[in-house]
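Since the structure comes first, as structure tokens, the remarks are kept for the end.
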Amino acid sequence: MQYSSKTLILAAIASGAIACASAQAQTTASNDGERALHGTGASSIQGALVQELNCNGGYSNLGVLGNGFIAIPEPTNLLISCATTDLWPGFLGRYLSSGSGNARNAWIAPGSLTSVPAFVINTINPNPFGTWNKVQFAFADSSVTDGDLTSYTSGAAQTNGGAPIMFPKFVLPIAIAYSPNYGRKTVGGVTTDYFFNLSNPQTILGTNAGGLRLSQSTLCGVFNGTIVNFNNAAFTADNGGTSLRDSADAAARWNADGVPVRLVGRLDRSGTTDIFTRALAAQCGTVASGNKYATNADTLPYNRTVTAAVRPVFDSVSIDTGLRTGSTAPEAGNTSPNDAGVPGSPNFSGATVVGAEYWSGSAIVTPATNAGKVSSQPSPTVSNGTGLFLVTLGDHNIASAIKFAPDYVSPSDNTVKLNGKIGYIGAAFIDGSPSAPGGLKAMALQNATTGLWHMPSAQNATTAFGTILPPQSTSDGTLNDASADTRQVRIPSYQGGTPGVKGNAKRTNPLAWYDVIYAGTGLQNPSAGYPITGTTQFLGYTCYATDASGSNGTAMVNFLNFNTDYVPTFDGTGTNRTGIFTRVAATFVSSGLLIRSNIGALPTPWKHAVRETFLKNSVEPSSVSGTLGGYNLFMGTPASANSTCSGKAGI
């Protein structure tokens, strides 16, 4: 919030009238020279998260690694106006959008980020906020790995911050985004724009959000490179038997050239890519030509065994990319064709699915190292997509690439330029979301089990999440450690696990909070709701710093309490605004911020489990430790009741 005299009066009224910690003026400890919580990570939730932070208190632009700042508007009709009223006077949080891979790197290396190249000023990817030595929180659309946890527990993160914390905070639908403006004809200075002809346009909370339909078979064909033009019969069938051609576009031109399908994907290590590839690996096993997606990963299918003289490499574009020879980042496909472990026969899980170019934010660029290599773009003479991705950094660049004006000349009519770019992206970037850039629509995907078509809304994502429960929980999220939770999850090495060997889910295992979501059939191929849905994980610490300025632990706990509807949320007039972020409603004006942003809040059992496990010294009974609080999993400070934080500096 941007402060005014009115704000200070309201804040004073609130602090005098409300006996609630969340309504009192609170500040953080001093972190890298300022009293603000610092966080980094996933770009999929960047706009909504910054709006949440700013509604809590203070105002900060969104920082984008290597790309400066983006001003994020404060909601003015969210039951309160966040531009004039703080939920928590004195709070300030900053967020640097850097991708899920960098989120994990920063989380495991507190105090030494100046040695992590991506976070050093004046490197290829500078932090616009200045040099941060540590962050207090991070967000990743993917899970941390056993290797991450080993690094965490053997370094400064464990020494100063105590046990690692990971749990899902957002239920995240991944949109297949497109520009509705597929072409532009210019004759004698007169311009005519062509738009996809949709038989079933869709809205989300009353706003036109797209609705170009993709059945599961079409989805899999498009991203496996077997359906490469929007004039393909598969698109027509999904569109109710009606061509997608604009009536102003000549039928002869459409039949000859159509619109090439041009794929856009992430260059950096991306949790959004992880969710996307997990869904395609689970759902596309019946593709006749073989599924290129073997598993989920932060990097698209990319075979490093192919010589770099042929394979595209992007070392010069980003430090944080798996699309380079020296990287060891797992890929969503990297083995030989006809891999026995991948559904489909034949399959091509070893195929590299990226082309030679990347999107800079304003243009398609070919690095010098990729000169002469296979292009991601359609040829001048054949108007079909290549089935290869044009790659770029962050969801904001995915959006700008897709929205870019038509630039490909139609071979049969040089007065027409075509777009046709589509890509996977966090649904908060789709039109209607408060932080959306504008001009980006989402495709309606068909759930193969129900046959129903779904837009990437918060409600449809929550439906996909279904009744999955947290680790060791009853139906309402209460701890149940008296009997085994037999869902099989990874056991981290620091807890005695063996790589590749799974075991029962326990609340004390950070990996279990992620793995139970995908155990069995799971969210990778949901039986109802939106088909490409995942979660965004909060990465934090057990022990937080306190100094004369304030408490990072109190700041973090209160912020997360607002998101789990635990502490009543009051505005400056003393009115209860609980659910301001999480409220689910049928209309935009009545919905909470997350739902407006096409991001699902955690289901009620998960809210309960997160609150009781990590945000308080819970007295829920435990057959192992007496109470849930006895496990000492809750966030604390050096002076808190969490005994494991005694003697630790905190983060």
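Out of all the residues in the stretch 458-488, which are under 15 Å from Leu523 (Cα atoms) and among the charged types (D, E, K, R)?
Once the filter is applied, which keeps residues that are under 15 Å from Leu523 (Cα atoms) and among the charged types (D, E, K, R), the stretch 458-488 yields only Arg487.
Within the stretch 239-274, restricting attention to residues that are of a type in the set (Lys, Arg) and outside any loop (DSSP other than H, G, I, E, B), which residue is farthest from the chain's Cα centre (by Cα)?
Filtering the stretch 239-274 for residues that are of a type in the set (Lys, Arg) and outside any loop (DSSP other than H, G, I, E, B), the one farthest from the chain's Cα centre (by Cα) comes out as Arg253.
Mind checking which pairs have a first residue in the stretch 439-458 that is within 23 Å of Pro406 (Cα to Cα) and a second that is modelled with pLDDT under 95, Cβ under 8 Å, 6 or more apart or different chains?
none
Which of the residues belonging to the stretch 187-231 are touching a residue at least 60 places away in the same chain (Cβ under 8 Å), assigned to a loop (DSSP other than H, G, I, E, B) and closer than 30 Å to Ser591 by Cβ?
Scanning the stretch 187-231 gives Asn200, Leu205, Gly206, Ser215.
Residue check: is Thr578 at pLDDT 95 or above and more than 14 Å from Lys169 (Cα to Cα)?
no
Return the residues of the stretch 509-534 that are under 11 Å from Asn460 (Cα atoms) and touching a Pro at 6+ places or on another chain (Cβ under 7 Å); say none if nothing qualifies.
Tyr530, Ile532, Thr533
Out of Leu244, Leu267, I need the residue that is under 21 Å from Asn370 (Cα atoms), modelled with pLDDT of 95 or more and either aromatic (Phe, Trp, Tyr) or not assigned by TED's automatic domain parsing to the domain that holds Ala140 (or both). Which one?
Selected residue: Leu267, the only one of Leu244, Leu267 that is under 21 Å from Asn370 (Cα atoms), modelled with pLDDT of 95 or more and either aromatic (Phe, Trp, Tyr) or not assigned by TED's automatic domain parsing to the domain that holds Ala140 (or both).
Every residue, every condition in (1) surrounded by fewer than 17 Cβ atoms within 10 Å (Cβ to Cβ); (2) charged (D, E, K, R); (3) outside the structural domain of Asn127 (by TED's automatic domain parsing), yes or no:
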{"position": "Thr236", "(1), (2), (3)": "yes, no, yes"}
{"position": "Arg253", "(1), (2), (3)": "no, yes, yes"}
{"position": "Ala256", "(1), (2), (3)": "yes, no, yes"}
{"position": "Pro260", "(1), (2), (3)": "no, no, yes"}
{"position": "Ala282", "(1), (2), (3)": "no, no, yes"}
{"position": "Asn291", "(1), (2), (3)": "no, no, yes"}
{"position": "Asn296", "(1), (2), (3)": "no, no, yes"}
{"position": "Ala308", "(1), (2), (3)": "yes, no, yes"}
{"position": "Asp315", "(1), (2), (3)": "yes, yes, yes"}
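For Lys616, indicate whether it is more than 14 Å from Gly477 (Cα to Cα), assigned to a loop (DSSP other than H, G, I, E, B), touching a Cys at 6+ places or on another chain (Cβ under 6 Å) and not small (Gly, Ala, Ser).
no
Among (1) free of Cβ contacts under 8 Å to residues at least 40 places away in the same chain; (2) more than 24 Å from Pro531 (Cβ to Cβ); (3) crowded, with 24+ Cβ neighbours inside 10 Å, there is one condition Ser327 misses while meeting the rest; what is its number?
Just one mismatch for Ser327, condition (3).
The values are calculated or read from the model by the stated rules, or taken from the named source; none is laboratory data. Remember, it's a predicted structure, so these values are computed and weren't measured experimentally. Note that each Cβ is placed from the backbone with ideal geometry, even for glycine, and that neighbours are counted across all protein chains shown.
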